[in-house]
Protein chains: 2
Amino acid sequence: MTMKPFTELTDRETAIKLIMDNVKPIKRVEAVPLDEVAGRVLAADVVAGFDVPPFDRASMDGYAVKALDTSGATGDTPVRLKIIGVQHTGELYEGEVGGGEALEIATGSPMPKGSDAVVMVEDTALEGDVVVVYKELKAGRNMAPAGEDMKRGDHVLSRGAVLTPGMVGALAALGYAEVEVYEKPRVAIYSSGPEIVPQGTPLRPGQIYDVNSYTLAAVIESNGGAPVKRGIMLDDVESVEAAIMDAADHDMGVFSGGSSVGVKDLFGEVMERLGDVFFHGVRVKPGKPTLFGTVGGTPIFGMPGYPTSCLNNSYVFLAPAVRLLARLPPREARVLRLSMGHRMASRSDREQFITVRVEEGKAYRVFKQSGDITSMTHADGYIVLPVGVSVVEEGEEIEVTLLY
Amino acid sequence: MTMKPFTELTDRETAIKLIMDNVKPIKRVEAVPLDEVAGRVLAADVVAGFDVPPFDRASMDGYAVKALDTSGATGDTPVRLKIIGVQHTGELYEGEVGGGEALEIATGSPMPKGSDAVVMVEDTALEGDVVVVYKELKAGRNMAPAGEDMKRGDHVLSRGAVLTPGMVGALAALGYAEVEVYEKPRVAIYSSGPEIVPQGTPLRPGQIYDVNSYTLAAVIESNGGAPVKRGIMLDDVESVEAAIMDAADHDMGVFSGGSSVGVKDLFGEVMERLGDVFFHGVRVKPGKPTLFGTVGGTPIFGMPGYPTSCLNNSYVFLAPAVRLLARLPPREARVLRLSMGHRMASRSDREQFITVRVEEGKAYRVFKQSGDITSMTHADGYIVLPVGVSVVEEGEEIEVTLLY
């Protein structure tokens, strides 16, 4: 493994491949209460331990009967059955339904012995303790057999499933109080730069507030990771080494601001020494000074310091890596074919991500410099200009990839 | 307000209109740490309190100079400037850049007095304490003026915005440590039915596990609500009254299992007495026994007891109501035009929601009874058969609304 010098830029697809080849899905699992498992990734196959429902049950409100007793029943020629009691829901009726008899029953109640169908209450009338049945039934009518939903031994869910409400429902029906899921990977976040100040402290001249640790945390969280903010890293060798070793103790580490080729840039150097650097510098604009490597197998990102570049590249490079780590499927890109609302020219020798607002079916550039977070704040999506393309004409058809 | 008898079913669109007309967006606000605001709804406009960046800054690594001093500089005819020191990031350089002078500067650092441009380090060479400049610059080059991103007084974000990572970034840049957002509405959930048993207890004959409170909680949570599980409601007048009054103390109440027309059904009766019932019974299959009303202004849903009916109707009726309550925009339906993988016949006098799996571009019915949660567990989406349509032919083009 040799380091690519920063001057030799890696194209986006190669960079993504290098990342995805070096991120391993998380292996640690944890038991999570059923109430909190929606959206989590199942860590083991689920096989039904018993029939659901566990008993034959009525699927309508009415009377449990022997179907044969209703032979020939019509509105004009009803049959009359003796009501012998009520099947209370949640209990088993002790007796048995005999010939000429009916037992009052509600939807969901277990079918009493001797019965094989339910007459809907709508098809009956009451005469004291006699029910008048106006409709002939076949055996099995208006009831559901035990195991209709899931049979004991059925393979219900597979390891790796991202749990939907419907899957949570199946786990609930099988009596799970908690479920083994994969842990959310812990992604450590570090800001850097002596000008960076935490929110809540007043700014002194030359200082600015930390932006990247917040946008990174939001992107990491919405892609299945557990962001762990590790503060602001100082710009000396010892601090950078310590921070990188600290990151290596997490499932992934993300640094911002430390990968620009400034005179004080140490991050790439130290990464090179402590681990493997797979690329340093990508052929995209904004966001060239992006680094990816591993230390002791832990993937480490060095993101640009500029808030827009950092956030843009966190969508392009970091989010897919976090999803792979968290075992979530790749996010499906939502792409709109729109026309450009105005002529736009932007020259670069790199692939360009241009943020746009969408208004009345047209795309308008959110015109800001790459340092400006508001170019992301007010964007609905972005268009990608390949290397060599520097102009989009007004009315030209373009593809907008939506951010959300 | 008079109650619609259950036998007079309300169609879906009317039901949704009645719900949306009677749900009021939440008014309570809370201050939430910046780290946790992504996805939340902003409760007040945000106006920039100061310029961002707060100072003119370098946007490249290099040397701060007077642009005029670089006049005529080329690769063959460089100009030489005296390096007077280093502008440390995060501080203000005390002195001033004079004619023929240069100050070393890194990206993001404040521009020192007297300078009006930055020579990129790539366009220079070093000769001791002299920098050789190979390129002519205009004033303002490679630097960004104070307020370029946001100017003091700029309207940055509007009340009601759902906070994206890019918006969180803007709030961070403005120094917010916490943000006023709307509270997540508290939605109380009640199961009912004497046969319902909590997970973790062994089933006795006739009993089943509680499914609906889990699927409802998952749907409520993923639509911006805070589910509050209030347990299993008993089937007597006092318990039903107490539960409904308890629900009225929340922002919304959702009951399941109590709105079927069983002999023991009390829910509709008590709702009628304590508040207003807007409909009871909808013309959809599954999920007919659905009720909506208000008690003391609090919206109350009575959902079907069958897990599939309950979950299906929670997507159709409950989720839009929770989103409105939470001030989230309606979820955009994701609809695929596919062809049906097999002939399918299903007769009903109600609008039918048929759950389907999608495989290789074709839709296949997840064939289960309406009581079976696995018909939702294994579904990718559903097709809607209008009243009067009972057959879809193999290969017929249909619209599948994706569940997730």
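The values are calculated or read from the model by the stated rules, or taken from the named source; none is laboratory data. Please read these numbers as outputs of a predicted model, since none were measured by experiment. A quick note on method: Cβ atoms are made from the backbone with ideal geometry, for glycine too, and the neighbour counts reach across all protein chains shown.
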If you go through region B:311-324 one residue at a time, do you hit one that is farther than 30 Å from B:L42 by Cα and among the small types (G, A, S)? no
I'd like the full set of residues that are assigned to a strand (DSSP E or B) and at the interface with chain B (Cβ under 10 Å from one of its Cβ atoms), limited to region A:149-178. A:M150, A:V156, A:L157, A:V162, A:E178
Being of a type in the set (V, I, T), buried (at least 19 other Cβ atoms within 10 Å of the Cβ), closer than 20 Å to A:A217 by Cβ and out of contact with any Asp or Glu (no Cβ under 6 Å at 6 or more places or on another chain) narrows B:V219, B:V168, B:V240 down to just B:V168
Under 6 Å by Cβ, and 6 or more places apart or on different chains, what pairs join a residue from region A:231-251 that is farther than 12 Å from A:P194 by Cα with one that is at pLDDT 90 or above and surrounded by fewer than 16 Cβ atoms within 10 Å (Cβ to Cβ)? A:A248/A:G296
Only listed residue being more than 18 Å from A:A58 (Cβ to Cβ), among the aliphatic types (A, V, I, L, M), in contact with a strand residue (DSSP E or B) (Cβ under 8 Å, 6 or more places away or on another chain) and crowded, with 23+ Cβ neighbours inside 10 Å, chosen from A:V187, A:V97: A:V187
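Criterion first (more than 21 Å from B:Y182 (Cβ to Cβ), within 30 Å of the chain's Cα centre (by Cα) and either in contact (Cβ under 8 Å) with a residue 24 or more places away in the chain or outside the structural domain of B:P289 (by TED's automatic domain parsing) (or both)) does B:V322 satisfy it?
Answer is no for this residue.
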Consider only pairs whose beta carbons are under 7 Å apart and that are at least six residues apart or on different chains; among these, list those whose first residue lies in region A:111-123 and is of a type in the set (S, T, Y) and whose second residue is buried (at least 21 other Cβ atoms within 10 Å of the Cβ). A:S115/A:A64; A:S115/A:V65; A:S115/A:V97; A:S115/A:L103
Of the conditions (1) away from chain B (no Cβ under 13 Å); (2) under 29 Å from B:T308 (Cα atoms), A:A106 fails just one. Which one is it? (1)
When the residues of region B:26-57 are filtered to those that are in a loop (DSSP other than H, G, I, E, B) and of a type in the set (A, V, I, L, M), which remaining residue is nearest to B:K151 (Cα to Cα)? B:A48
Options B:A73, B:A64, B:A15, B:A44: the member that is within 14 Å of chain A (Cβ to nearest Cβ) and of a type outside the set (D, E, K, R): B:A64
Does B:T124 satisfy the condition of being surrounded by fewer than 18 Cβ atoms within 10 Å (Cβ to Cβ), more than 19 Å from A:P194 (Cβ to Cβ), of a type in the set (S, T, N, Q) and more than 10 Å from chain A (Cβ to nearest Cβ)? no
Only residues that are within 14 Å of another protein chain (Cβ to nearest Cβ) and in a strand (DSSP E or B): list them for region A:76-89, please. A:I83, A:G85, A:V86, A:Q87
Complete set of residues in region A:130-185 that are among the hydroxyl-bearing types (S, T, Y) and closer than 30 Å to A:I83 by Cβ: A:Y134
Go through region A:208-246 and report how many residues are touching a Gly at 6+ places or on another chain (Cβ under 6 Å) and of a type outside the set (F, W, Y). 2
If you go through region A:190-215 one residue at a time, how many are surrounded by fewer than 23 Cβ atoms within 10 Å (Cβ to Cβ) and either part of a loop (DSSP other than H, G, I, E, B) or not assigned by TED's automatic domain parsing to the domain that holds A:D251 (or both)? 11
B:G108 being closer than 28 Å to B:A173 by Cβ and assigned to a loop (DSSP other than H, G, I, E, B): yes
Can you give me the number of residues within region B:345-364 that are within 14 Å of chain A (Cβ to nearest Cβ) and surrounded by 14 or more Cβ atoms within 10 Å (Cβ to Cβ)? 5
Within region B:365-391, track down each residue that is more than 23 Å from A:A172 (Cβ to Cβ) and either touching a residue at least 24 places away in the same chain (Cβ under 8 Å) or surrounded by fewer than 19 Cβ atoms within 10 Å (Cβ to Cβ) (or both). B:I383, B:V384, B:L385, B:P386, B:V387, B:G388, B:V389, B:S390, B:V391
Only residues in region A:88-106 that are on the phi > 0 side of the Ramachandran plot count as the first member; pair them with residues that are in a strand (DSSP E or B), Cβ under 7 angstrom, at least 6 apart or cross-chain, and list the lot. A:G100/A:L81; A:G100/A:K82
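Within region B:179-193, can you find the residues that are more than 30 Å from A:T89 (Cα to Cα), away from chain A (no Cβ under 13 Å) and not aromatic (F, W, Y)?
Answer for region B:179-193, where residues must be more than 30 Å from A:T89 (Cα to Cα), away from chain A (no Cβ under 13 Å) and not aromatic (F, W, Y): B:E180, B:V181, B:E183, B:K184, B:P185, B:R186.
Which of the following residues is under 24 Å from the mean Cα position of the chain (by Cα) and at positive phi: B:G224, B:G287?
B:G224
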Mind listing whichever residues of region B:30-43 are touching a residue at least 60 places away in the same chain (Cβ under 8 Å) and surrounded by 15 or more Cβ atoms within 10 Å (Cβ to Cβ)? B:V32, B:L34, B:V37, B:A38, B:G39, B:R40, B:V41, B:L42, B:A43
